[in-house]
1. If you go through segment 359-373 one residue at a time, how many are buried (at least 20 other Cβ atoms within 10 Å of the Cβ) and free of Cβ contacts under 8 Å to residues at least 60 places away in the same chain?
2. Step by step: first the residues of segment 118-127, then only those that are surrounded by fewer than 21 Cβ atoms within 10 Å (Cβ to Cβ) and in a helix (DSSP H, G or I), then the one that is modelled with the lowest pLDDT. Which residue is that?
3. If I ask for residues that are surrounded by fewer than 17 Cβ atoms within 10 Å (Cβ to Cβ) and over 21 Å from residue 325 (Cα atoms), which ones from segment 197-221 would you list?
4. I'd like to know if segment 341-350 contains one or more residues that are without any contact (Cβ under 8 Å) to a residue 60 or more places away in the chain, surrounded by fewer than 16 Cβ atoms within 10 Å (Cβ to Cβ), in the same structural domain as residue 387 (by TED's automatic domain parsing) and touching a helix residue (DSSP H, G or I) at 6+ places or on another chain (Cβ under 6 Å).
5. Which ones in segment 262-277 are buried (at least 21 other Cβ atoms within 10 Å of the Cβ) and either more than 22 Å from the chain's Cα centre (by Cα) or more than 24 Å from residue 337 (Cβ to Cβ) (or both)?
6. Could you tell me whether residue 398 is touching a helix residue (DSSP H, G or I) at 6+ places or on another chain (Cβ under 8 Å), at pLDDT below 90, surrounded by fewer than 16 Cβ atoms within 10 Å (Cβ to Cβ) and in a loop (DSSP other than H, G, I, E, B)?
7. Return yes or no: is residue 105 surrounded by fewer than 20 Cβ atoms within 10 Å (Cβ to Cβ) and modelled with pLDDT of 95 or more?
8. Could we say that residue 252 is closer than 20 Å to residue 152 by Cα, in contact (Cβ under 8 Å) with a residue 24 or more places away in the chain and either in a helix (DSSP H, G or I) or in contact with a strand residue (DSSP E or B) (Cβ under 6 Å, 6 or more places away or on another chain) (or both) here?
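The values are calculated or read from the model by the stated rules, or taken from the named source; none is laboratory data. From a predicted model like this one, the values you see are computed outputs, not experimental measurements. Please note: Cβ atoms are built from the backbone with ideal geometry, for glycine as well, and neighbour counts cover all protein chains shown.
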(Lines give C-alpha, C1' and ligand atoms only; values in the text may rest on other atoms or scores of the structure.)
Protein backbone atom coordinates (compact mmCIF):
# COMPACT_ATOMS: atom_id res chain seq x y z
CA UNK A 1 0.00 0.00 0.00
CA UNK A 2 1.20 3.56 -0.63
CA UNK A 3 2.61 5.25 2.48
CA UNK A 4 0.16 7.37 4.47
CA UNK A 5 -0.09 10.82 2.97
CA UNK A 6 1.93 9.72 -0.05
CA UNK A 7 -0.76 10.37 -2.63
CA UNK A 8 -1.39 13.87 -1.24
CA UNK A 9 2.31 14.78 -1.23
CA UNK A 10 2.80 13.34 -4.72
CA UNK A 11 -0.18 15.30 -6.01
CA UNK A 12 1.20 18.52 -4.56
CA UNK A 13 4.57 17.96 -6.22
CA UNK A 14 2.93 17.24 -9.59
CA UNK A 15 0.82 20.40 -9.37
CA UNK A 16 3.87 22.46 -8.38
CA UNK A 17 5.80 21.36 -11.49
CA UNK A 18 6.19 24.33 -13.88
CA UNK A 19 8.68 22.99 -16.42
CA UNK A 20 8.16 21.69 -19.97
CA UNK A 21 5.22 19.30 -20.29
CA UNK A 22 7.51 16.81 -22.04
CA UNK A 23 9.35 16.17 -18.77
CA UNK A 24 6.34 16.22 -16.46
CA UNK A 25 5.82 12.44 -16.60
CA UNK A 26 7.92 9.48 -17.74
CA UNK A 27 5.62 8.34 -20.51
CA UNK A 28 5.92 11.63 -22.41
CA UNK A 29 9.57 11.69 -23.55
CA UNK A 30 10.08 7.94 -23.71
CA UNK A 31 6.98 7.08 -25.72
CA UNK A 32 7.68 9.89 -28.17
CA UNK A 33 11.39 9.23 -28.67
CA UNK A 34 10.94 5.43 -28.69
CA UNK A 35 8.49 5.53 -31.60
CA UNK A 36 10.46 8.13 -33.53
CA UNK A 37 13.59 6.06 -33.09
CA UNK A 38 11.94 2.77 -34.09
CA UNK A 39 10.27 4.38 -37.09
CA UNK A 40 13.63 5.63 -38.39
CA UNK A 41 15.89 2.78 -37.25
CA UNK A 42 14.01 0.01 -39.07
CA UNK A 43 14.26 1.67 -42.53
CA UNK A 44 17.94 2.43 -41.81
CA UNK A 45 18.54 -1.24 -41.06
CA UNK A 46 16.62 -2.34 -44.16
CA UNK A 47 18.70 -0.01 -46.34
CA UNK A 48 21.93 -1.32 -44.84
CA UNK A 49 20.76 -4.91 -45.31
CA UNK A 50 19.66 -4.38 -48.91
CA UNK A 51 22.90 -2.68 -49.94
CA UNK A 52 25.32 -4.66 -47.77
CA UNK A 53 26.53 -1.60 -45.91
CA UNK A 54 27.92 -1.48 -42.36
CA UNK A 55 25.80 0.07 -39.64
CA UNK A 56 26.30 0.57 -35.94
CA UNK A 57 28.91 -0.65 -33.48
CA UNK A 58 31.48 -2.81 -35.21
CA UNK A 59 29.71 -2.30 -38.53
CA UNK A 60 27.46 -5.33 -37.93
CA UNK A 61 24.09 -4.06 -39.18
CA UNK A 62 22.12 -7.16 -38.12
CA UNK A 63 23.51 -7.05 -34.59
CA UNK A 64 22.78 -3.31 -34.38
CA UNK A 65 19.20 -3.85 -35.52
CA UNK A 66 18.57 -6.64 -33.00
CA UNK A 67 20.22 -4.75 -30.14
CA UNK A 68 18.50 -1.45 -30.80
CA UNK A 69 15.01 -2.94 -31.09
CA UNK A 70 15.49 -4.65 -27.71
CA UNK A 71 17.63 -2.24 -25.72
CA UNK A 72 16.80 0.94 -27.60
CA UNK A 73 13.12 0.95 -28.51
CA UNK A 74 11.77 -1.58 -26.01
CA UNK A 75 13.88 -0.28 -23.13
CA UNK A 76 12.50 3.21 -23.69
CA UNK A 77 8.89 2.01 -23.67
CA UNK A 78 9.54 -0.02 -20.51
CA UNK A 79 11.03 3.10 -18.92
CA UNK A 80 8.05 5.23 -19.90
CA UNK A 81 5.59 2.67 -18.60
CA UNK A 82 7.33 2.03 -15.27
CA UNK A 83 8.06 5.69 -14.52
CA UNK A 84 4.34 6.36 -15.04
CA UNK A 85 2.95 3.29 -13.27
CA UNK A 86 5.19 3.25 -10.21
CA UNK A 87 3.79 6.50 -8.72
CA UNK A 88 0.36 4.86 -8.87
CA UNK A 89 1.75 1.73 -7.22
CA UNK A 90 3.61 3.55 -4.44
CA UNK A 91 1.80 6.87 -3.94
CA UNK A 92 5.12 8.67 -4.41
CA UNK A 93 5.76 11.58 -6.77
CA UNK A 94 6.90 10.67 -10.29
CA UNK A 95 10.40 11.23 -11.61
CA UNK A 96 10.02 14.53 -13.46
CA UNK A 97 11.83 17.70 -14.41
CA UNK A 98 15.58 17.68 -14.72
CA UNK A 99 16.06 14.09 -13.39
CA UNK A 100 13.72 12.84 -16.12
CA UNK A 101 15.46 15.02 -18.71
CA UNK A 102 18.85 13.60 -17.68
CA UNK A 103 17.53 10.04 -17.87
CA UNK A 104 16.13 10.75 -21.34
CA UNK A 105 19.46 12.24 -22.35
CA UNK A 106 21.24 9.13 -21.12
CA UNK A 107 19.03 6.97 -23.34
CA UNK A 108 19.69 9.25 -26.32
CA UNK A 109 23.43 9.13 -25.63
CA UNK A 110 23.26 5.33 -25.72
CA UNK A 111 21.58 5.42 -29.13
CA UNK A 112 24.28 7.74 -30.42
CA UNK A 113 27.05 5.57 -28.99
CA UNK A 114 25.67 2.44 -30.63
CA UNK A 115 25.74 4.16 -34.03
CA UNK A 116 29.51 4.58 -33.81
CA UNK A 117 31.44 1.95 -35.76
CA UNK A 118 34.23 2.16 -33.17
CA UNK A 119 32.00 2.43 -30.09
CA UNK A 120 34.47 0.39 -28.04
CA UNK A 121 34.22 -0.17 -24.31
CA UNK A 122 33.31 3.45 -23.57
CA UNK A 123 30.43 3.55 -26.05
CA UNK A 124 29.05 0.21 -24.91
CA UNK A 125 29.33 1.28 -21.28
CA UNK A 126 27.39 4.44 -22.11
CA UNK A 127 24.61 2.33 -23.59
CA UNK A 128 24.56 -0.09 -20.64
CA UNK A 129 24.39 2.77 -18.14
CA UNK A 130 20.80 3.75 -19.01
CA UNK A 131 19.19 0.49 -17.90
CA UNK A 132 21.39 0.36 -14.79
CA UNK A 133 20.29 3.84 -13.73
CA UNK A 134 16.66 3.06 -14.56
CA UNK A 135 16.77 -0.15 -12.54
CA UNK A 136 18.29 1.72 -9.59
CA UNK A 137 15.51 4.33 -9.77
CA UNK A 138 12.83 1.63 -9.91
CA UNK A 139 14.32 -0.24 -6.95
CA UNK A 140 14.50 3.00 -4.97
CA UNK A 141 10.87 3.89 -5.60
CA UNK A 142 9.49 0.42 -4.94
CA UNK A 143 11.50 -0.02 -1.73
CA UNK A 144 10.76 3.51 -0.49
CA UNK A 145 7.06 2.95 -1.17
CA UNK A 146 7.11 -0.47 0.51
CA UNK A 147 5.49 -1.79 -2.66
CA UNK A 148 6.54 -5.41 -2.16
CA UNK A 149 4.07 -6.76 -4.72
CA UNK A 150 6.13 -5.24 -7.54
CA UNK A 151 9.55 -6.46 -6.44
CA UNK A 152 9.46 -9.05 -9.29
CA UNK A 153 9.14 -6.19 -11.78
CA UNK A 154 12.28 -4.56 -10.40
CA UNK A 155 14.04 -7.93 -10.50
CA UNK A 156 13.10 -8.49 -14.15
CA UNK A 157 14.26 -4.99 -15.08
CA UNK A 158 17.61 -5.76 -13.43
CA UNK A 159 17.82 -8.98 -15.45
CA UNK A 160 17.14 -6.96 -18.61
CA UNK A 161 20.02 -4.61 -17.70
CA UNK A 162 22.25 -7.65 -17.15
CA UNK A 163 21.23 -9.04 -20.54
CA UNK A 164 22.41 -5.83 -22.19
CA UNK A 165 25.80 -6.09 -20.48
CA UNK A 166 26.13 -9.74 -21.53
CA UNK A 167 25.26 -8.75 -25.10
CA UNK A 168 28.08 -6.20 -25.11
CA UNK A 169 30.49 -8.65 -23.48
CA UNK A 170 29.83 -11.18 -26.23
CA UNK A 171 30.26 -8.50 -28.90
CA UNK A 172 33.70 -7.82 -27.42
CA UNK A 173 34.70 -11.48 -27.55
CA UNK A 174 33.21 -13.29 -24.55
CA UNK A 175 32.09 -16.84 -25.55
CA UNK A 176 28.48 -16.56 -24.37
CA UNK A 177 26.71 -18.16 -27.37
CA UNK A 178 23.86 -15.64 -27.48
CA UNK A 179 23.09 -15.74 -23.75
CA UNK A 180 22.51 -11.97 -23.60
CA UNK A 181 19.90 -12.08 -26.36
CA UNK A 182 18.14 -15.10 -24.85
CA UNK A 183 18.07 -13.46 -21.42
CA UNK A 184 16.65 -10.25 -22.90
CA UNK A 185 13.90 -12.12 -24.75
CA UNK A 186 13.11 -14.26 -21.69
CA UNK A 187 12.87 -11.20 -19.49
CA UNK A 188 10.49 -9.49 -21.89
CA UNK A 189 8.30 -12.59 -22.08
CA UNK A 190 8.01 -12.66 -18.29
CA UNK A 191 7.34 -8.92 -18.10
CA UNK A 192 4.57 -9.21 -20.69
CA UNK A 193 3.11 -12.27 -18.97
CA UNK A 194 3.24 -10.62 -15.54
CA UNK A 195 2.11 -7.07 -16.35
CA UNK A 196 -0.14 -8.11 -19.23
CA UNK A 197 -1.77 -10.58 -16.88
CA UNK A 198 -2.72 -7.67 -14.64
CA UNK A 199 -3.78 -4.94 -17.02
CA UNK A 200 -5.52 -6.94 -19.77
CA UNK A 201 -8.18 -8.62 -17.60
CA UNK A 202 -8.51 -5.45 -15.50
CA UNK A 203 -9.14 -3.12 -18.47
CA UNK A 204 -11.36 -5.74 -20.07
CA UNK A 205 -13.44 -6.09 -16.92
CA UNK A 206 -13.82 -2.32 -16.63
CA UNK A 207 -15.02 -2.00 -20.22
CA UNK A 208 -17.38 -4.97 -20.04
CA UNK A 209 -18.95 -3.66 -16.84
CA UNK A 210 -19.43 -0.27 -18.44
CA UNK A 211 -21.14 -1.93 -21.41
CA UNK A 212 -23.06 -4.30 -19.09
CA UNK A 213 -21.67 -7.36 -20.84
CA UNK A 214 -21.11 -10.63 -19.02
CA UNK A 215 -19.55 -12.98 -18.10
CA UNK A 216 -16.43 -11.16 -16.97
CA UNK A 217 -12.79 -12.33 -17.25
CA UNK A 218 -11.64 -14.88 -14.71
CA UNK A 219 -9.74 -13.25 -11.83
CA UNK A 220 -6.06 -13.98 -11.22
CA UNK A 221 -5.78 -17.30 -9.44
CA UNK A 222 -4.04 -20.66 -9.21
CA UNK A 223 -4.27 -21.23 -12.96
CA UNK A 224 -2.41 -17.99 -13.69
CA UNK A 225 0.28 -18.87 -11.16
CA UNK A 226 0.71 -22.25 -12.83
CA UNK A 227 1.04 -20.63 -16.28
CA UNK A 228 3.68 -18.20 -14.98
CA UNK A 229 5.57 -21.04 -13.29
CA UNK A 230 5.51 -23.13 -16.47
CA UNK A 231 6.69 -20.12 -18.48
CA UNK A 232 9.52 -19.53 -16.02
CA UNK A 233 10.60 -23.16 -16.27
CA UNK A 234 10.48 -23.07 -20.08
CA UNK A 235 12.54 -19.90 -20.25
CA UNK A 236 15.08 -21.23 -17.75
CA UNK A 237 15.55 -24.24 -20.01
CA UNK A 238 15.79 -21.88 -23.01
CA UNK A 239 18.61 -20.01 -21.28
CA UNK A 240 20.52 -23.12 -20.23
CA UNK A 241 19.93 -25.49 -23.17
CA UNK A 242 18.23 -23.68 -26.06
CA UNK A 243 18.49 -26.63 -28.47
CA UNK A 244 17.39 -29.42 -26.14
CA UNK A 245 14.20 -31.33 -26.98
CA UNK A 246 12.91 -30.84 -23.43
CA UNK A 247 13.25 -27.09 -23.93
CA UNK A 248 11.16 -27.26 -27.08
CA UNK A 249 8.45 -29.23 -25.30
CA UNK A 250 8.35 -26.78 -22.39
CA UNK A 251 8.20 -23.75 -24.68
CA UNK A 252 5.37 -25.26 -26.74
CA UNK A 253 3.43 -26.19 -23.59
CA UNK A 254 3.92 -22.66 -22.25
CA UNK A 255 2.53 -21.28 -25.51
CA UNK A 256 -0.56 -23.47 -25.23
CA UNK A 257 -0.98 -22.46 -21.58
CA UNK A 258 -1.01 -18.81 -22.59
CA UNK A 259 -3.65 -19.54 -25.23
CA UNK A 260 -5.82 -20.98 -22.46
CA UNK A 261 -5.04 -18.03 -20.18
CA UNK A 262 -5.98 -15.57 -22.89
CA UNK A 263 -9.28 -17.36 -23.53
CA UNK A 264 -10.21 -16.88 -19.85
CA UNK A 265 -10.09 -13.09 -20.40
CA UNK A 266 -12.88 -13.19 -23.02
CA UNK A 267 -11.30 -10.69 -25.38
CA UNK A 268 -13.73 -11.40 -28.22
CA UNK A 269 -16.38 -9.59 -26.20
CA UNK A 270 -14.43 -6.32 -26.59
CA UNK A 271 -14.47 -6.30 -30.40
CA UNK A 272 -16.39 -3.01 -30.43
CA UNK A 273 -13.52 -1.21 -28.66
CA UNK A 274 -10.14 -1.60 -30.43
CA UNK A 275 -8.32 0.08 -27.52
CA UNK A 276 -9.15 -2.98 -25.40
CA UNK A 277 -9.22 -5.62 -28.12
CA UNK A 278 -5.66 -4.80 -29.20
CA UNK A 279 -4.37 -5.91 -25.79
CA UNK A 280 -5.77 -9.38 -26.41
CA UNK A 281 -4.36 -9.49 -29.93
CA UNK A 282 -0.93 -8.52 -28.58
CA UNK A 283 -1.07 -11.24 -25.93
CA UNK A 284 -2.05 -13.76 -28.62
CA UNK A 285 1.22 -12.90 -30.37
CA UNK A 286 3.04 -13.86 -27.16
CA UNK A 287 1.37 -17.29 -27.12
CA UNK A 288 2.14 -17.81 -30.82
CA UNK A 289 5.78 -16.80 -30.33
CA UNK A 290 6.29 -19.32 -27.51
CA UNK A 291 4.66 -22.04 -29.61
CA UNK A 292 6.87 -21.23 -32.59
CA UNK A 293 10.00 -21.14 -30.45
CA UNK A 294 9.15 -24.60 -29.11
CA UNK A 295 8.29 -26.01 -32.53
CA UNK A 296 11.47 -24.52 -33.95
CA UNK A 297 13.53 -26.38 -31.35
CA UNK A 298 11.70 -29.68 -31.89
CA UNK A 299 11.62 -29.43 -35.71
CA UNK A 300 14.56 -27.19 -36.66
CA UNK A 301 14.06 -27.59 -40.42
CA UNK A 302 10.38 -26.67 -40.41
CA UNK A 303 10.76 -22.89 -40.67
CA UNK A 304 13.33 -20.16 -40.22
CA UNK A 305 14.20 -19.37 -36.62
CA UNK A 306 13.75 -15.69 -37.44
CA UNK A 307 10.01 -16.29 -37.78
CA UNK A 308 9.65 -17.18 -34.11
CA UNK A 309 11.87 -14.29 -33.03
CA UNK A 310 9.88 -11.80 -35.09
CA UNK A 311 6.60 -13.18 -33.75
CA UNK A 312 7.95 -12.33 -30.30
CA UNK A 313 9.56 -8.98 -31.10
CA UNK A 314 7.71 -7.35 -34.01
CA UNK A 315 4.49 -9.13 -33.01
CA UNK A 316 4.14 -9.45 -29.24
CA UNK A 317 6.51 -6.70 -28.08
CA UNK A 318 5.59 -4.29 -30.87
CA UNK A 319 1.84 -4.74 -30.56
CA UNK A 320 1.71 -4.74 -26.75
CA UNK A 321 3.94 -1.68 -26.42
CA UNK A 322 1.79 0.25 -28.91
CA UNK A 323 -1.36 -0.89 -27.12
CA UNK A 324 0.01 0.34 -23.80
CA UNK A 325 1.36 3.59 -25.25
CA UNK A 326 -1.88 4.57 -26.96
CA UNK A 327 -3.99 3.79 -23.89
CA UNK A 328 -1.62 5.40 -21.37
CA UNK A 329 -1.16 8.54 -23.47
CA UNK A 330 -4.88 9.01 -23.95
CA UNK A 331 -5.68 8.36 -20.31
CA UNK A 332 -2.95 10.53 -18.80
CA UNK A 333 -3.58 13.46 -21.14
CA UNK A 334 -7.34 13.54 -20.58
CA UNK A 335 -8.47 12.04 -23.89
CA UNK A 336 -11.35 9.56 -24.17
CA UNK A 337 -10.34 5.94 -23.64
CA UNK A 338 -11.51 4.87 -27.06
CA UNK A 339 -9.58 4.26 -30.27
CA UNK A 340 -10.11 6.74 -33.10
CA UNK A 341 -9.52 5.96 -36.79
CA UNK A 342 -5.84 6.90 -36.69
CA UNK A 343 -5.21 4.69 -33.67
CA UNK A 344 -6.85 1.73 -35.40
CA UNK A 345 -4.65 2.41 -38.45
CA UNK A 346 -1.56 2.39 -36.21
CA UNK A 347 -2.57 -1.02 -34.86
CA UNK A 348 -3.27 -2.33 -38.37
CA UNK A 349 0.08 -1.23 -39.80
CA UNK A 350 2.00 -2.90 -36.99
CA UNK A 351 -0.07 -6.07 -37.21
CA UNK A 352 0.37 -6.37 -40.99
CA UNK A 353 4.10 -5.69 -40.75
CA UNK A 354 4.58 -8.37 -38.09
CA UNK A 355 2.33 -10.88 -39.89
CA UNK A 356 4.15 -10.45 -43.19
CA UNK A 357 7.49 -10.89 -41.45
CA UNK A 358 6.19 -14.09 -39.86
CA UNK A 359 4.82 -15.74 -43.01
CA UNK A 360 7.50 -14.46 -45.40
CA UNK A 361 9.49 -17.74 -45.47
CA UNK A 362 6.34 -19.56 -46.67
CA UNK A 363 5.63 -17.19 -49.58
CA UNK A 364 7.20 -16.90 -53.05
CA UNK A 365 8.09 -13.26 -52.31
CA UNK A 366 11.81 -12.50 -52.53
CA UNK A 367 13.19 -12.25 -49.00
CA UNK A 368 14.74 -8.80 -49.35
CA UNK A 369 11.58 -7.36 -50.90
CA UNK A 370 9.21 -8.99 -48.40
CA UNK A 371 11.32 -8.05 -45.39
CA UNK A 372 11.55 -4.46 -46.64
CA UNK A 373 7.78 -4.16 -47.07
CA UNK A 374 7.15 -5.73 -43.66
CA UNK A 375 9.67 -3.43 -42.01
CA UNK A 376 8.25 -0.34 -43.68
CA UNK A 377 4.70 -1.20 -42.61
CA UNK A 378 5.85 -1.70 -39.03
CA UNK A 379 7.92 1.48 -39.05
CA UNK A 380 5.03 3.44 -40.56
CA UNK A 381 2.88 2.46 -37.58
CA UNK A 382 5.53 3.80 -35.22
CA UNK A 383 5.91 7.08 -37.08
CA UNK A 384 2.15 7.50 -37.30
CA UNK A 385 1.96 7.16 -33.52
CA UNK A 386 4.64 9.83 -33.14
CA UNK A 387 2.78 12.14 -35.51
CA UNK A 388 -0.70 11.60 -34.06
CA UNK A 389 0.20 11.31 -30.39
CA UNK A 390 3.22 13.62 -30.39
CA UNK A 391 1.13 16.75 -29.67
CA UNK A 392 -0.51 14.98 -26.72
CA UNK A 393 2.94 14.10 -25.37
CA UNK A 394 4.52 17.50 -25.99
CA UNK A 395 1.70 19.76 -24.80
CA UNK A 396 0.19 20.14 -21.33
CA UNK A 397 -2.96 18.29 -20.42
CA UNK A 398 -6.00 20.32 -21.54
CA UNK A 399 -6.90 22.83 -18.83
CA UNK A 400 -10.57 21.98 -18.91
CA UNK A 401 -9.83 18.39 -17.86
CA UNK A 402 -9.19 18.04 -14.16
CA UNK A 403 -6.05 16.00 -13.29
CA UNK A 404 -6.52 12.55 -11.86
CA UNK A 405 -6.27 12.20 -8.11
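1. Total meeting the criteria: 1.
2. Selected residue: 120.
3. 209, 210, 211, 212, 213, 214, 215, 216, 218, 219, 220, 221
4. So far as segment 341-350 goes, yes, one or more of its residues are without any contact (Cβ under 8 Å) to a residue 60 or more places away in the chain, surrounded by fewer than 16 Cβ atoms within 10 Å (Cβ to Cβ), in the same structural domain as residue 387 (by TED's automatic domain parsing) and touching a helix residue (DSSP H, G or I) at 6+ places or on another chain (Cβ under 6 Å).
5. 270
6. Answer is no for this residue.
7. So residue 105 passes the test.
8. Criteria not met by residue 252.
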